[in-house]
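First the structure, in the form of structure tokens, and then the observations on it.
The values are calculated or read from the model by the stated rules, or taken from the named source; none is laboratory data. Not measured: the values here are computed from a predicted model. Note that we place each Cβ from the backbone using ideal geometry, even for glycine, and neighbour counts take in every protein chain shown.
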Amino acid sequence: MQQAPDVHQAEPIPAAAREAIEALLQSGDLFRYTAPENAPVALLEREFADLLGSRYALAVSSCSAALFLSLKALGLPRDARVLIPGFTFAAVPSSVIHADCVPVLCEVGDNYRIDLADFAARLDDVQAVIISHMRGHTSDMDAIMTLCDARGIPVIEDAAHSLGTTWNGRNIGTIGRVGCFSFQSYKMINAGEGGILVTDDADLVARAVIMSGAYEHNWKKHKGPRGENSADLAEAFGRWQNKLPLYNLRLNNLSAAVIRPQIPELARRVRDGRAGHDHVAARIAVSPHIEVPAPLPGEVRAPDSIQFNLVGLDEPAIRAFAAAAERRGVKVQVFGLSTDNARAFWNWQFLAQVPDLPQTRAMLMKACDVRLPVHLTAAQLDAVADILLAAMDEATQAAAA
Ligand SMILES: *Cc1c(COP(=O)(O)O)cnc(C)c1O
């Protein structure tokens with residue numbers, strides 16, 4: 001059996017970044033608003049908006065900052081209720097609290113997607129929704145948009161981990177009013193830290209730009225599609241000048257220089273990530289104890305990890321499986337089984353009230369998470385699959401004995 005790969009190793013940053021970084025180090029021009037135009041951050045925004053087919057993009061310090069600014073830009077009043085899935089990263093309820101709003105959690109199914117019946121039942125007294133495409137698993141966006149549009153509820157997409165995923169041919173992150181992405185190292189594009197939001201709404205982006213820290217007339221360096229002046233945008237900036245707090249969540253030019261040369265790599269990363277995921281999924285699904293939920297019809301995923309449910313194992317056997325895999329070099333995280341997993345809602349003890357979501361809890365107690373970075377070779381992917389199957393044999397034989 002081949003050795004387990006190092007799944008925390010990143011792909012090298014394209015060499016083209018070096019030249020841009022060297023020029024920035026020479027000039028010292030690291031602040032996005034120093035240059036009169038075409039600063040690396042501004043170019044990144046234009047390229048990212050074009051990539052996704054959105055009118056506007058705003059690059060910021062993290063996806064959490066993008067989520068926070070999206071909520072603020074919607075103009076939600078203090079204590080507005082914001083519906084989020086019960087299975088997401090702790091950054092999502094945190095951004096809601098940061099924006100002085102109240103997170104309301106809904107149930108998530110065994111396939112890691114929002115339970116639409118529970119979602120609909122909780123919609124009537126919420127003022128906004130954040131759909132978190134957790135680990136790139138897309139919920140039924142047609143049903144969600146129909147429900148929310150009928151009530152005039154704005155939808156923010158947390159697409160932090162979904163760059164490159166499509167839903168019925170549309171890019172995830174462009175279906176709701178605003179979409180937020182992350183450039184943290186474990187996401188499809190790696191700048192260590194960073195985030196970006198996209199929207200077609202000039203008023204919303206103008207508010208977000210100002211609050212992100214475009215003080216005085218720096219907003220003039222934000223343009224419309226194709227870098228052209230946009231009357232809608234200028235009018236919106238005029239409306240909001242001096243009326244909003246400045247939270248200073250800007251991205252710096254060095255980060256943009258690291259991100260921009262990765263954009264042309266995205267299609268390859270998405271293709272390789274999906275092929276690698278689907279290969280491992282097919283191999284491990286032969287075990288009667290492993291179930292890998294299928295994508296929804298209409299969803300084309302961009303995974304860099306795999307999630308699967310353990311079937312017919314009690315908690316000691318689940319722990320034995322995870323331990324046996326780890327001994328062989330593959331870290332399996334069962335979301336609900338560690339005391340500090342940031343994706344288990346009962347660990348969000350900063351909430352005023354941690355709700356009871358029995359269905360989501362049951363899923364988290366048997367759902368496994370294994371990183372599969374897109375650069376793994378075929379032999380490395382097979383090694384991961386071999387180890388998971390061998391660990392399952394060991395755990396189930398021990399349970400039978
Ligand atoms: C990574 C992640 C975030 C947070 O992104 P940051 O850029 O680290 O703030 C939010 N939501 C999901 C689903 C994520 O995977």
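Under 8 Å by Cβ, and 6 or more places apart or on different chains, what pairs join a residue from segment 80-95 that is more than 21 Å from residue 186 (Cα to Cα) with one that is assigned to a loop (DSSP other than H, G, I, E, B) and near the ligand (Cβ under 10 Å from one of its atoms)?
none
For segment 169-179, give me the residue count where each residue is β-branched (Val, Ile, Thr) and either within 11 Å of the ligand (Cβ to nearest atom) or buried (at least 24 other Cβ atoms within 10 Å of the Cβ) (or both).
Summing the residues that are β-branched (Val, Ile, Thr) and either within 11 Å of the ligand (Cβ to nearest atom) or buried (at least 24 other Cβ atoms within 10 Å of the Cβ) (or both) in segment 169-179 gives 2.
For segment 158-168, give me each residue that is out of contact with any Phe, Trp or Tyr (no Cβ under 9 Å at 6 or more places or on another chain) and either away from the ligand (no atom under 15 Å from the Cβ) or within 17 Å of residue 82 (Cα to Cα) (or both).
166, 167, 168
Assuming residue 7 fulfils every condition listed in (1) at pLDDT below 95; (2) over 20 Å from residue 186 (Cα atoms); (3) surrounded by 13 or more Cβ atoms within 10 Å (Cβ to Cβ); (4) not polar (S, T, N, Q) apart from one, which condition is it?
(2)
Residues in segment 180-201 that are crowded, with 20+ Cβ neighbours inside 10 Å and away from the ligand (no atom under 12 Å from the Cβ): how many?
2
Would you check which residues across segment 6-51 are in contact with a Gly (Cβ under 6 Å, 6 or more places away or on another chain) and among the aliphatic types (A, V, I, L, M) and list them?
Selection gives nothing.
How do the pairs read when you match residues in segment 288-317 that are within 14 Å of residue 336 (Cα to Cα) with residues anywhere that are aromatic (Phe, Trp, Tyr), using Cβ under 8 Å and keeping only pairs 6 or more apart or on different chains?
Within 8 Å, the pairs are 307/112; 310/321.
For segment 145-155, state whether one or more residues are in contact (Cβ under 8 Å) with a residue 60 or more places away in the chain, within 16 Å of the ligand (Cβ to nearest atom) and hydrophobic (A, V, I, L, M, F, W, C).
no
Considering only residues that are out of contact with any helix residue (DSSP H, G or I) (no Cβ under 8 Å at 6 or more places or on another chain) and closer than 24 Å to residue 65 by Cα, look in segment 220-242 and name the one that is surrounded by the fewest Cβ atoms within 10 Å (Cβ to Cβ).
The extreme case among them is 242.
Only residues that are within 26 Å of residue 207 (Cβ to Cβ) and among the charged types (D, E, K, R): list them for segment 133-191, please.
Here is the first cut: in segment 133-191, the ones within 26 Å of residue 207 (Cβ to Cβ) are 133, 141, 144-145, 147-163, 170-184, 187, 189, 191.
Across segment 133-191, the qualifying residues are 149, 151, 157, 158, 170, 177, 187.
State which residue pairs qualify: first residue more than 18 Å from residue 316 (Cβ to Cβ) and inside segment 330-341, second residue in a loop (DSSP other than H, G, I, E, B) in any location, beta carbons under 6 Å apart, and separation of 6 or more residues or different chains.
330/4; 341/335
I need the full set of residues from segment 316-337 which are in contact with a helix residue (DSSP H, G or I) (Cβ under 7 Å, 6 or more places away or on another chain) and not aliphatic (A, V, I, L, M), in order please.
321, 328, 329, 335, 336
Among the residues of segment 73-91, what is the count of those that are outside any loop (DSSP other than H, G, I, E, B) and either within 16 Å of the ligand (Cβ to nearest atom) or surrounded by fewer than 19 Cβ atoms within 10 Å (Cβ to Cβ) (or both)?
The total comes to 6.
Exactly one of (1) crowded, with 20+ Cβ neighbours inside 10 Å; (2) part of a loop (DSSP other than H, G, I, E, B); (3) more than 10 Å from the ligand (Cβ to nearest atom); (4) not basic (Lys, Arg) is unmet by residue 38. Its number?
(1)
How many residues are at pLDDT 95 or above, part of a helix (DSSP H, G or I), within 16 Å of the ligand (Cβ to nearest atom) and farther than 14 Å from residue 156 by Cα when one looks only at segment 92-136?
3
Quick check: is even one residue across segment 147-166 crowded, with 24+ Cβ neighbours inside 10 Å and over 13 Å from the mean Cα position of the chain (by Cα)?
So far as segment 147-166 goes, no, none of its residues is crowded, with 24+ Cβ neighbours inside 10 Å and over 13 Å from the mean Cα position of the chain (by Cα).
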